[in-house]
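Below is one structure, written out as structure tokens; comments come after it.
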């Protein structure tokens, strides 16, 4: 039999629900709101058959560009040949999770704003740029004893005692 | 001893998926809940209100609830144990009391949102199907009926509460198919029969029947009614007065009791490691003592 290439081909495991998490999906998925410009992860929920994205998009992260009654338009990058195309898909909210990719950036923005405001109040100049991790500082080795090891001359008699 | 094959093996427990907590308790129908609370995504954070009606053995709870991720918030609530404040002392879980509770909740919500002058609703309860007409200034307050796990049958008290809320002026999508007095043969709502139920007419006719045929049963069954001096003939006027009192002052009254400083505990407090060890040592001592006594007896 030839290999099938249907829309849901090879999705037996990726679209299946996790162990002991089958059945009704918790209500928080339906109660979340998404605004245009938010970053979302696409993760297919096999329990809901409508509004499923194609298996390529499972695990991709994109931006919201449209919000409709029950679904969200997500813009995802896809490499086609030698270029990357921005693909716009519509996905039902059950297959979408809010992404944490920008969380660290947003927190850093807030902290930096706060630091800059404090520095301005004090009148000092600070740099809020992130620095890469430098080389580790030098240190003294504690509690080390010296053991000198020298080779012993080969003794035929003793070595052969074991077995010959 | 007969050898019985274990039904629930270890494998059974390892693979068992526990249902949601409220499903285990048998209190929430998640299929209905998903469909009731799901709000259109292009309406963002606009709350979707449910008109929740629940019956217990001695009380009726009517609430307007909206769902959030942290938990449902109740906008307003009305209980049938508040009805004595408006003059209804007995029969707090019948169809007429459900109507009063729904009416109380509806007027309370409208007053809270300052819409009670605009939307008077159906002041004279006739039993006919009544839907709110939107005025020019504001659209009516919309809620969706949440029945819970009740079986929808014609004449259920839940629909009495629904009728009360509708007559109060809330916009609740409904059909008259399940009101008391709807006949399946004609496919029409008999407004007179419904009117009778709203004013406790069915209770009054049962009172009359019992008074005629079984006076002792009447005394035992309607003892509270007799104590409060409610008779079959003045039931309708009693409910009319209650409706008027509700419309006059639907605001909720704060109870004077101070909130308890320490919450009441309903389950056992979890023991610490030391406490559990101490308990075990005590049990072992007791066993040893009992075992020592037994062996002495045997000897």
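Inter-chain neighbour count for B:16-22: the average number of beta-carbon atoms from partner chains within 10 Å of each residue's beta-carbon is 2. Here chain B carries DSSP beta bridges of which approximately 80% are antiparallel, counting only pairs with both residues inside. Relative contact order of region B:189-298: 23 percent, from C-alpha pairs under 8 Å at least 6 residues apart in sequence. With the highest mean first, a sort of the peptides B:12-19, B:96-103, B:244-251 on other beta-carbon atoms found within 10 angstrom per residue produces B:96-103, B:244-251, B:12-19. Relative contact order, whole percent, for chain A stands at 17, derived from Cα pairs under 8 Å and 6 or more residues apart. Exposure proxy for A:56, B:3, B:55: other Cβ atoms within 10 Å of each Cβ, ordered fewest to most, give B:3, A:56, B:55.
By the count of other C-beta atoms within 10 Å, a proxy for reagent exposure, A:87, B:196 are ordered fewest to most as A:87, B:196.
Annotation for region B:11-29 versus region B:266-295: alpha-carbon center distance of 33 Å. Legend: mean number of C-beta atoms from other chains within 10 angstrom of residue C-beta atoms, peptide A:63-74, equals 2. Evaluating kT/(6 pi eta Rh) at 4 °C and 1.567 mPa s, with the Kirkwood radius of region B:1-96 over Cα pairs in the Stokes-Einstein relation, gives 74 µm² s⁻¹.
Helical content alone sets the calculated 222 nm signal of the protein assembly as shown at -10000 deg cm²/dmol, taking -39,500 (n - 2.57) per DSSP H segment of four or more residues and averaging over every residue. Using the Cβ-Cβ distance between residue B:34 and residue A:125 with R0 set to 56 Å, the FRET efficiency from 1/(1 + (r/R0)^6) comes to roughly 0.50.
Computed over the alpha-carbon pairs of region A:1-109, the distance histogram in 5 Å steps reads 2, 11, 20, 21, 20, 14, 8, 3, 1, 0, 0, 0 percent, short to long.
Its relative contact order, with pairs defined as Cα atoms under 8 Å and 6+ residues apart, puts chain B at 16 percent.
Using the average count of surrounding beta-carbon atoms within 10 Å as a protection proxy, the listed peptides B:267-274, B:173-180 rank, highest first, as B:173-180, B:267-274.
Angle between the Cα long axis of helix B:95-112 and the longest principal axis of chain B, 0 to 90 degrees, nearest 10? Taking Cα atoms only, the helix is inclined about 80 degrees. Under the simplified labelling scheme, the residue A:54-residue B:129 pair shows an inter-label distance of 4.8 nm, with each label point 7 Å from Cα along Cα→Cβ. Between 0 and 90 degrees, the angle of helix A:103-122 with respect to the longest Cα principal axis of chain A falls at about 80 degrees. Relative to the longest principal axis of the Cα atoms of chain B, helix B:157-168 runs at roughly 50 degrees.
Shielding by partners for peptide B:42-48, expressed as the average number of C-beta atoms from other protein chains within 10 Å of each residue's C-beta, is 3. By the count of neighbouring beta-carbon atoms within 10 Å, fewest first, A:10, A:92, B:151 end up ordered B:151, A:10, A:92.
By definition, a body whose alpha carbon gyration tensor gives a ≥ b ≥ c is oblate when a/c is 1.5 or more and a/b is not larger than b/c, and region B:14-70 fits this oblate description. With a Förster radius of 51 Å applied to the beta-carbon distance between residue B:254 and residue B:290, the computed FRET efficiency rounds to 0.35.
Using the Cβ-Cβ distance between residue A:80 and residue B:216 with R0 set to 51 Å, the FRET efficiency from 1/(1 + (r/R0)^6) comes to roughly 0.05.
Size descriptors for region B:48-120: radius of gyration and Dmax over Cα atoms are 13.0, 39 Å. Over region B:142-267, the ratio between the Cα radius of gyration and 2.2 N^0.38 Å evaluates to 1.38.
Quick note: the coordinates plus some simple rules give every number you see, no bench work behind them. The structure presented is a predicted model; accordingly, all values stated were derived computationally and were not measured. Cβ: placed from backbone, ideal geometry, glycine included. Neighbour counts: every protein chain shown.
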